[in-house]
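The values are calculated or read from the model by the stated rules, or taken from the named source; none is laboratory data. Not measured: the values here are computed from a predicted model. All Cβ positions, even for glycine, are placed from backbone atoms using ideal geometry, and neighbour counts span all protein chains on display.
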Amino acid sequence: MNEHVRTARRLQAETCLKHLHSNGFSADCFETAEEALAFLKELIPAGSSIGFGGSETLKETGILDWLTGNSEYTVYDRYHTDNPPKVFHDSLLADYYLMSTNALTMDGHLYNVDNTGNRVAALAYGPEHVIIVTGTNKLVKDVQEAVLRNEYIAAPANNARIQRGNPCEETGYCVHCSKETSLCNQFLVTRRSRPSGRIHVILINEDLGY
Ligand code: SF4
């Protein structure tokens, strides 16, 4: 990342963190994914059960590699199972749930769009602890901009990865389809963390995921 963009993003992250705290979230910011991963390893006690949502950010930060086959924890691993629906349900009652977010607003709200809803269900009313790992590339001004970010970046990129034949694979942006194969079925704005501190945002000053 260009050093001046990095500086601007760091300043934005500091403002966002203040708003996250006033909205009841726990929140920390790190310059690198390595620092964030080291923090996470200290944060989650050994013996905990952990579920996670589908996330390129969790892959790029090395978090998935850390969890895969990790015998210190009970890991509900959606990527290494012959029964994904059971893993999704077990994850809803895990001690910790890890995920990224489609967007994070400067005024301290999360915006997420989901396919089946397993990820937004966990975020809204699942595990006692939810940890959001996100790059500063997902910072946006407000919820309106979050919607646009999803329609122009996150959702088309996700469709390009999964390839269900939806129209955004051709256009590169959302055309609000209502196809059976649409990946955009559940929309959630998390305005505050309730109870306070349940949701912990880990913001990393890097481009991560989409
Ligand atoms: S609603 Fe349809 S067109 Fe829009 S991003 Fe989702 S799958 Fe693509």
| Condition test on Leu17, is it touching a residue at least 12 places away in the same chain (Cβ under 8 Å) and assigned to a helix (DSSP H, G or I)? | yes
| note | Selection from segment 176-190 of residues surrounded by fewer than 12 Cβ atoms within 10 Å (Cβ to Cβ) and either in contact with a helix residue (DSSP H, G or I) (Cβ under 9 Å, 6 or more places away or on another chain) or at pLDDT below 95 (or both) yields His176
| request: Answer yes or no: is there a residue in segment 46-55 that is touching a Ser or Thr at 6+ places or on another chain (Cβ under 8 Å), part of a helix (DSSP H, G or I) and touching a residue at least 24 places away in the same chain (Cβ under 8 Å). | output: no
| What is the residue count in segment 160-210 for residues that are more than 9 Å from the ligand (Cβ to nearest atom) and hydroxyl-bearing (Ser, Thr, Tyr)? | 4
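Please verify whether Tyr79 is touching a Gly at 6+ places or on another chain (Cβ under 9 Å), assigned to a helix (DSSP H, G or I), within 21 Å of Gly209 (Cα to Cα) and of a type in the set (Phe, Trp, Tyr), treating the condition exactly as stated.
no
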| Just to be sure, is Arg191 under 30 Å from Asp90 (Cβ atoms), under 16 Å from the mean Cα position of the chain (by Cα) and among the basic types (Lys, Arg)? | yes
| task | May I ask you to verify whether Arg6 is in a loop (DSSP other than H, G, I, E, B), of a type in the set (D, E, K, R) and in contact (Cβ under 8 Å) with a residue 24 or more places away in the chain? | result | no
| In segment 89-127, residue surrounded by the most Cβ atoms within 10 Å (Cβ to Cβ) [restricted to those that are in a loop (DSSP other than H, G, I, E, B) and among the hydroxyl-bearing types (Ser, Thr, Tyr)] | Ser100
| query | Inside segment 56-74, can you point out the residues that are part of a loop (DSSP other than H, G, I, E, B) and touching a Leu at 6+ places or on another chain (Cβ under 8 Å)? | reply | Thr61, Gly62, Tyr73
| request: Look through segment 146-159, keep the residues that are more than 6 Å from the ligand (Cβ to nearest atom) and among the polar types (S, T, N, Q), and return whichever of them is farthest from Ala103 (Cα to Cα). | output: Asn158
